[in-house]
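Colleague: Sharing a structure, written as structure tokens. Questions coming.
Each reported figure results from applying straightforward, stated rules to the coordinates on display, with no laboratory input. Please read all numbers here as calculations on a predicted model, not as lab measurements. Note that each Cβ is placed from the backbone with ideal geometry, even for glycine, and that neighbours are counted across all protein chains shown.
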2 protein chains.
Amino acid sequence: MKIDDAIQIVKPHLTEKRFDHTLRVKDTAVRLAEMYDESKHKAELAAVFHDYCKYRPLEEMERLIKMSSLPKDLLKYHHELWHGPVASILVENEYGISDRDIRQAIYYHTTGRANMSKLEMIVFLADYIEPGRDFPGLDEVREMAKKDLLLACWMTSKNTISYLMKKNATIYPDTFYAYNDLTIRINGGNKINGN
Amino acid sequence: MKIDDAIQIVKPHLTEKRFDHTLRVKDTAVRLAEMYDESKHKAELAAVFHDYCKYRPLEEMERLIKMSSLPKDLLKYHHELWHGPVASILVENEYGISDRDIRQAIYYHTTGRANMSKLEMIVFLADYIEPGRDFPGLDEVREMAKKDLLLACWMTSKNTISYLMKKNATIYPDTFYAYNDLTIRINGGNKINGN
């Protein structure tokens, strides 16, 4: 799919603000793909579609989660977590995007997970650091994103967990599986710091 | 088992410092049991044995984890997590302590877990707030322990996750499950704050 076609597909599904965010995530993802030797087109396409289902009616997403192979425990967590997994199904059903890596990058962009691929990390990170974002600790992550993809994703998952705990929110298991997995990958698998 | 017998059993297995800690956990657990209408004897016994295996040789604990029904993923995490589960087995094998609630309180005293019983919460919390402990945020938890067991345990699990992330340590899943479960129990199961 041509990227301009993808943009035209996604646009009517988003608010103006969210559409602008999507374009910034796209540009950030392309930059990261160049930097870390990943397919620019895949990064671009995954980024354009990452929030495709952000404003779907909750009932529609709920129905799709129940009817598909998506994990049912999603329904026990905040619906903010549903749009990534749901989009990963709909981009295939509606537009024939069957590339597994692109679909996983869309699926896990909110939570991350254990064993993220490079493309998944790029979209996960781009969504967090795109230039429109502004929250404490972000500049350190942006700096790290220029040097080390793994470490920047690890900082992102750490910040996300802290943020959710500050809000007294529950944390979807994939979010902390991502943190644990990145911690082990960074420490080279040693357990010295582990608990 | 009489509590004095339990103390005599445990003493030679601990350093002097750890033995003193154990006695303070016992006193704290008894106080919490009185406050929250739990069996004082169960709380006392679980507290006395909670660190029974703290100084077992790692090889012995590793063998027992492999041979027993304990979850094998423990071996992928720091050995600090092994002594609770291992003790929950050995107190039954060696001293016939078969009470399920006591054994679970020993098992989960380090991590907590989802669906903790009152006794489990009491030992988990007593281990954290006993008067010999001193770290940032502890006074708030001590104050809360006088008012609300659930909230005090929730603060404990939150502090534990923050502490481990600060150390760049991996986090055993039960630690997170405890946090999520307590968050839901406190919010009355609503998902408003959830992610």
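Colleague: Given labels modelled 7 Å from the Cα in the Cβ direction, how far is it in nm from A:Asn115 to A:Glu92?
Modeller: Going by the 7 Å Cα→Cβ label model, 1.7 nm.
Colleague: Also, I was wondering about something else. Just how large is the dipole of the protein assembly as shown about the Cα centre, in debye to the nearest 20, putting +1 at every Lys and Arg Cβ and -1 at every Asp and Glu Cβ?
Modeller: Values: 56 positive and 58 negative charges, 5 e Å.
Value, rounded to 20: 20 debye.
Colleague: Right, something else. What's the minimum Cβ distance from chain B to the axis relating it to A, in whole Å, and which residue gives it?
Modeller: Closest Cβ to the B-to-A rotation axis, residue and whole-Å distance: B:Phe176, 2.
Colleague: Let me spell out the model: positive unit charges on the Cβ of Lys and Arg, negative unit charges on the Cβ of Asp and Glu, origin at the Cα centre of chain A. What dipole size does that give, in debye rounded to 20? All intermediate terms of the calculation are to be shown ahead of the outcome.
Modeller: Numbers: 28 positive and 29 negative charges, 92 e Å.
Here chain A has a charge dipole of around 440 debye.
Colleague: Moving on to the next point. Please quote Rg/Rh for the protein assembly as shown to two decimal places, taking the Kirkwood radius as Rh and restricting both calculations to Cα atoms.
Modeller: Numbers: Rg = 23.9 Å, Rh = 22.8 Å.
Ratio of gyration radius to Kirkwood radius: 1.05.
Colleague: Then there is this: Could you give each residue of segment A:103-109 its phi-based ³J(HN,Hα) in whole Hz, using Karplus coefficients 6.51, -1.76, 1.60 with θ = phi - 60°, and x for Gly or Pro?
Modeller: Here the 3J(HN,Hα) series is 5, 5, 5, 5, 3, 9, 5 Hz.
Colleague: May I pose another question? Highest mean first, how do B:69-80, A:130-141, B:157-168 rank when packing is the count of other Cβ atoms within 10 Å averaged over residues? Don't skip to the end; give the middle numbers.
Modeller: On the way: B:69-80: 14.8, A:130-141: 12.9, B:157-168: 17.7.
Result, highest mean first: B:157-168, B:69-80, A:130-141.
Colleague: Using alpha carbon centroids, what distance separates segment A:131-152 and segment A:15-58, in Å?
Modeller: Using only Cα atoms to place each centre, the spacing works out to 17 Å.
Colleague: If you don't mind, there's one more thing I want to ask. Take B:Tyr55 and A:Lys146, extend 7 Å from each Cα along the Cα→Cβ direction, and tell me the distance between the two endpoints in nm.
Modeller: 5.2
Colleague: Compare the peptides B:31-42, B:106-117 by average per-residue count of other Cβ atoms within 10 angstrom and give them in order, highest first.
Modeller: Values: B:31-42: 16.4, B:106-117: 21.7.
With the highest mean Cβ count within 10 Å placed first, the list reads B:106-117, B:31-42.
Colleague: Among all the aspartates and glutamates, which ones have a C-alpha under 13 Å from A:Lys11's C-alpha, if same-chain residues fewer than 8 places away are not counted?
Modeller: Leaving aside aspartates and glutamates fewer than 8 places away in the same chain, those within reach of A:Lys11 are A:Asp20, A:Asp51.
Colleague: Bin width 5 Å, alpha-carbon pairs only: give the P(r) of segment A:3-135 as whole percents, running from 0 to the bin holding the largest distance.
Modeller: Going from the shortest bin to the longest, the percentages are 2, 11, 22, 25, 21, 13, 5, 1.
Colleague: Moving on. Specify which residue in the list B:His41, B:Ile9, B:Ile161 is farthest towards the positive end of the charge dipole of chain B, using unit charges on the beta carbon of Lys, Arg (+1) and Asp, Glu (-1), about the Cα centre.
Modeller: Most positive-ward Cα: B:Ile161.
Colleague: Okay, moving on. Other chains near A:163-171: what is the mean number of their Cβ atoms within 10 Å of each residue's Cβ? Could you put the intermediate results ahead of the total?
Modeller: Details: counts 1, 5, 8, 2, 3, 8, 8, 12, 8.
That average works out to 6.
Colleague: Ordered shortest first, which distances in nm separate the 7 Å Cα→C-beta label point of A:Glu62 from those of the other copies?
Modeller: Ordered by increasing distance: 5.0 nm.
Colleague: Taking θ = phi - 60°, what integer Hz values does the Karplus form 6.51 cos²θ - 1.76 cosθ + 1.60 yield along segment B:60-65, in sequence order, with x for Gly and Pro?
Modeller: Working through the residues one at a time gives 5, 5, 4, 4, 5, 5 Hz.
Colleague: List B:Tyr95, A:Tyr177 from most exposed to least, where exposure is judged by having the fewest other Cβ atoms within 10 Å. Don't skip to the answer; put the middle values down first.
Modeller: Values: B:Tyr95 15, A:Tyr177 20.
Neighbour counts put them in this order, fewest first: B:Tyr95, A:Tyr177.
Colleague: Within a 10 angstrom radius of each residue's Cβ in A:50-61, how many Cβ atoms of other chains show up on average? Whole number is fine. Show your work: numbers first, answer last.
Modeller: Working: counts 0, 0, 0, 0, 0, 0, 0, 0, 0, 0, 0, 0.
Taking the mean over all residues of the peptide, I get 0.
Colleague: At 7 Å along the Cα-to-beta-carbon direction for both B:Asp20 and B:Asp134, put a label point, then send me their distance in nm to one decimal.
Modeller: Between B:Asp20 and B:Asp134, the simple spin-label model gives 1.2 nm.
Colleague: Here is a further query. Measuring nothing but label to label, 7 Å from Cα along Cα→Cβ, what are A:Glu34's distances to the other copies in nm, shortest first?
Modeller: Copy-to-copy label distances for A:Glu34: 7.0 nm.
Colleague: Something else now. Could you rank the peptides A:5-12, B:14-21 by their average count of other C-beta atoms within 10 Å per residue, with the highest value first?
Modeller: Numbers: A:5-12: 14.6, B:14-21: 13.1.
Sorting A:5-12, B:14-21 by mean packing, highest first, produces A:5-12, B:14-21.
Colleague: Quick one: what are the phi-derived ³J(HN,Hα) couplings along segment A:154-166, Karplus 6.51/-1.76/1.60 with θ = phi - 60°, whole Hz, x for glycine and proline?
Modeller: 4, 4, 4, 5, 4, 4, 5, 4, 4, 4, 5, 5, 4
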